[in-house]
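Any read-out appearing in this document is the output of simple, stated calculations on the displayed coordinates, not a laboratory observation. For clarity, every value in this text was computed on a predicted model and none was experimentally measured. Cβ sites come from the backbone with ideal geometry, for glycine too, and all protein chains shown count toward neighbours.
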Amino acid sequence: MHPHAELVTRFYTSFAKRDPEGMLAAYHPDVTFSDPVFVDLHGDRARGMWRMLAARAKDIELEFRDVEADDAMGRAHWEARYTFSATGRRVHNVIEARFAFEGGLIKDHRDTFDLWRWSSQAFGLSGKLLGWSPLAKAAIRKNAARGLDEWMARR
């Protein structure tokens, strides 16, 4: 297995154990992270997001597979099942991850998933009816950024 594939495997193994420090040991100091909810996080904000998610993920079930990597790039498929804390609803999120490496660490991490599918599960009927709209997506992102800001301010 390529060392970067091992790095990605350790990242997700740590996540499954709700061990954010184990996850973040795989990240470059100047890491960037982005997904449909948390857009363009850099450095401490990217690390803070994972610490926050790991702390809140009381009942997360995580699976990952199809880890591939070479000297420059990598990918993985992962799925998370958890209770969304804001609504108490169960979510099954299916995610494709892409990585870029620098200095033996993850320098850029991009997750993609269907935000409408996620919002339908997280918010029920209102998410199903409105989750596709740009306004709803913007509200989800704004709320997530505010939650991250508040969580980081308490640390």
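Details
- Residue that is nearest to residue 69 (Cα to Cα), among those in the range 114-155 that are surrounded by fewer than 18 Cβ atoms within 10 Å (Cβ to Cβ) and aromatic (Phe, Trp, Tyr): 116
- For the range 93-116, the set of residues classified as under 18 Å from residue 60 (Cα atoms) and either more than 13 Å from the chain's Cα centre (by Cα) or of a type in the set (Val, Ile, Thr) (or both) consists of 94, 95, listed by residue number.
- Pairing each residue of the range 125-150 that is closer than 12 Å to residue 36 by Cα with any residue that is exposed (fewer than 13 other Cβ atoms within 10 Å of the Cβ), provided the two are 6+ apart or on different chains, yields C-beta distances under 8 Å for 141/39.
- Test for residue 56: is it loosely packed, with under 13 Cβ neighbours inside 10 Å, more than 17 Å from residue 104 (Cβ to Cβ) and basic (Lys, Arg): no
Quick grid of which residues meet (1) of a type in the set (D, E, K, R); (2) touching a strand residue (DSSP E or B) at 6+ places or on another chain (Cβ under 7 Å); (3) at positive phi:
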| position | (1), (2), (3) |
| --- | --- |
| 38 | no, no, no |
| 45 | yes, no, no |
| 53 | no, no, no |
| 82 | no, yes, no |
| 86 | no, no, no |
| 91 | no, yes, no |
| 96 | yes, yes, no |
| 101 | no, yes, no |
| 104 | no, no, yes |
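- Filter pass, residue 11 being of a type in the set (Phe, Trp, Tyr) and under 27 Å from residue 131 (Cα atoms): no
- Only one of the numbered conditions (1) under 20 Å from residue 65 (Cα atoms); (2) in contact (Cβ under 8 Å) with a residue 24 or more places away in the chain; (3) surrounded by fewer than 17 Cβ atoms within 10 Å (Cβ to Cβ) is violated by residue 94, and that is (2).
- If only residues of the range 73-89 that are touching a Lys or Arg at 6+ places or on another chain (Cβ under 9 Å) and among the small types (Gly, Ala, Ser) are counted, the one that is farthest from residue 60 (Cα to Cα) is 74.
- In the range 76-91, the residues that are surrounded by 14 or more Cβ atoms within 10 Å (Cβ to Cβ), aliphatic (A, V, I, L, M) and more than 12 Å from the chain's Cα centre (by Cα): 76, 91
- Leading residue by the ranking (surrounded by the most Cβ atoms within 10 Å (Cβ to Cβ)) among those in the range 1-49 that are β-branched (Val, Ile, Thr) and in a helix (DSSP H, G or I): 8
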